[in-house]
């Protein structure tokens, strides 16, 4: 299903630009809905169909994000969260069920806040050790759980609805 | 292959449901909850016939109007309204009983701990332990 040749062609570079553009446009369009996003959906689809080459998309996407919105703690979180998503997607790349990927996206959305709180753990840890790290990260994660559930539901629905039609289009053109 | 995939979906679904349950439990147990207002006051209404109704209110409101707004929201038996003027709200109706000086020859007087109040409802500070009494008073 994915293209695993290691060399980047001109076409690949153009495609990477297009992938980032697609993610950014969707992000901008959905920005009025908190924690509802298509970035997860697209990164999963791109990993499934572009294989290892998506590893060039992620850092470029993160850099573009930082350039647009400014680099803050959220940007540090992006440095490990999106590569982690791509990595885990790569492990399950043979799966083709829409329901499987919907569940996968849902779990990722649900755990997003917990993954983000790792950054806060280290912020707290740097000033007061493990206890301070925990006391910084845990309440931050807890206070956002309701939004993580929104994230989970949004991811689940988007993947369930869009997986098959987008997969068919990608299969036809790639 | 099909069987394997179904198994993975099932495992995934169980993990998702379990995570939602655990996260929801954590949220209920550890999320910061709003606490009852720090100031405990009594708002009392004495109607035209001298009948008194007391309301215990816990509030963080700075001024009496804020505390009365909170009470009206939480207790259907209490309501008030009035006219906005240069000195804030002029209370005209409490619990459905109107006291407009020009029409009824009566007014709602505000007492703070039994003493005639010096401020309107909008400017009356709320102090822990105080009793604010609205009394229907006919003009002599």
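Readers should treat all values here as calculations from the given coordinates under stated rules, not as data from a laboratory. The shown structure was predicted, so the numbers you read here are calculated from the model rather than taken from an experiment. Glycine also receives a Cβ, built like all others from the backbone with ideal geometry; neighbour counts cover every protein chain displayed.
Here are B:88, B:12, B:66: which of them is within 14 Å of another protein chain (Cβ to nearest Cβ) and either crowded, with 16+ Cβ neighbours inside 10 Å or at negative phi (or both)? Break it down into steps so the answer makes sense when it comes.
On the way: B:88 fails: within 14 Å of another protein chain (Cβ to nearest Cβ); B:66 fails: within 14 Å of another protein chain (Cβ to nearest Cβ).
Step by step, each of B:88, B:12, B:66 is checked, and only B:12 is within 14 Å of another protein chain (Cβ to nearest Cβ) and either crowded, with 16+ Cβ neighbours inside 10 Å or at negative phi (or both).
Which residues, taken from the stretch A:20-45, are surrounded by 12 or more Cβ atoms within 10 Å (Cβ to Cβ) and touching a residue at least 40 places away in the same chain (Cβ under 8 Å)?
If the condition is that a residue be surrounded by 12 or more Cβ atoms within 10 Å (Cβ to Cβ) and touching a residue at least 40 places away in the same chain (Cβ under 8 Å), then A:20, A:24, A:35, A:36, A:37, A:38, A:39, A:40, A:41, A:43, A:44, A:45 are the ones that fit.
Which one is nearest to the other protein chains (Cβ to nearest Cβ), of the residues in the stretch A:136-161 that are over 17 Å from residue B:22 (Cβ atoms) and in contact with a helix residue (DSSP H, G or I) (Cβ under 6 Å, 6 or more places away or on another chain)?
Out of the qualifying residues, it is A:156.
Is there a residue in the stretch A:83-100 that is at the interface with another protein chain (Cβ under 8 Å from one of its Cβ atoms), outside any loop (DSSP other than H, G, I, E, B) and over 11 Å from the mean Cα position of the chain (by Cα)?
yes
Between B:79, B:74, which is free of Cβ contacts under 8 Å to residues at least 60 places away in the same chain and in contact with a helix residue (DSSP H, G or I) (Cβ under 7 Å, 6 or more places away or on another chain)?
The match here is B:79.
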